[in-house]
Amino acid sequence: MQSKNKIVVIDYGMGNLRSVKNRFKHMDVDATISSDLSEIAKADKLILPGVGHFEAGMKQLKDRGLLELLEEKVIQGNTPILGICLGMQLFTNFSEEGNVEGLGWIDAQTKKFDASIIQSLHKVPHMGWNSINVTNETVLTENLDTNDLFYFVHSYHVVCETDQNVLTKTTYGYEFVSAIFKDNIYGVQFHPEKSHDIGKQMIGNFVKAA
């Protein structure tokens, strides 16, 4: 799958960069890992991956001078961006993980799984394969089915203020939002880069996004 778009995987020191790049490589799509501001500024599409702590993620974005650039690219320039796991959570207004503000691009909060509800059935973190329920159709969900399985590893999940930003939901003890969207902004709680053929389909959908 060839792409004429310049795709940049943003390196802000929060992990899983190589697995994302390798997925693109296996799809014959050129994607560059970079923390260079000038390189990111030239991107036609952006990937914000991430594994780890929300507060640390926001600090890394700030310390590397990425906050203003991302605001300019994504909000003012309408550059498509895909947030993965922590990357998606950073799009929200606020997180209980560190009690800090996020980028504020999606009207939502990031909350810890309520162990008092799920502890009798499940453990935290939510780890392993789980299905998604598509609640809104976008380019990202093309050719995906409700029973498709994706790989999850997370202790926190997103709670949206409006269903208009909810792309998919997943059940783990209780139902939670597993993917979000708004205009050119897409976020997934699961790891499409680790989700075999169905993850390949979703990433391919993003590559084709306008």
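The values are calculated or read from the model by the stated rules, or taken from the named source; none is laboratory data. Everything numeric here is computed off the predicted structure, so don't read it as measured data. Cβ sites come from the backbone with ideal geometry, for glycine too, and all protein chains shown count toward neighbours.
A few remarks follow.
- Taking the numbered list (1) in contact (Cβ under 8 Å) with a residue 60 or more places away in the chain; (2) over 16 Å from MET202 (Cα atoms); (3) of a type in the set (A, V, I, L, M, F, W, C) in turn, ILE185 passes all entries but (2).
- Test result for GLU161, surrounded by fewer than 15 Cβ atoms within 10 Å (Cβ to Cβ) and without any contact (Cβ under 8 Å) to a residue 40 or more places away in the chain: no
- Residue that is nearest to ILE84 (Cα to Cα) [pool: residues in segment 125-158 that are among the aromatic types (Phe, Trp, Tyr) and crowded, with 21+ Cβ neighbours inside 10 Å]: PHE152
- Elements of type strands (runs of 3 or more DSSP E) in segment 118-210, at least 3 residues being within 28 Å of ASN5 (Cβ to Cβ): 149-154, 166-172, 174-182, 185-188
- Scanning segment 36-48 for residues being of a type outside the set (D, E, K, R) and under 25 Å from ALA179 (Cα atoms) gives a total of 5.
- With respect to (1) part of a loop (DSSP other than H, G, I, E, B); (2) basic (Lys, Arg); (3) surrounded by 15 or more Cβ atoms within 10 Å (Cβ to Cβ), the lone exception for LYS111 is condition (1).
- In segment 111-138, the residues that are at negative phi form Cβ pairs under 9 Å with partners that are in a strand (DSSP E or B) and of a type in the set (Asp, Glu), at six or more places apart or across chains, as follows: ASN133/GLU175.
- Members of segment 47-69 found to be out of contact with any Ser or Thr (no Cβ under 6 Å at 6 or more places or on another chain), modelled with pLDDT of 95 or more and of a type in the set (A, V, I, L, M, F, W, C), listed by number: ILE47, LEU48, ALA56, MET58, LEU61, LEU66, LEU67, LEU69
- Residue among THR168, THR162 that is of a type in the set (S, T, N, Q), at pLDDT 95 or above and under 13 Å from the mean Cα position of the chain (by Cα): THR168
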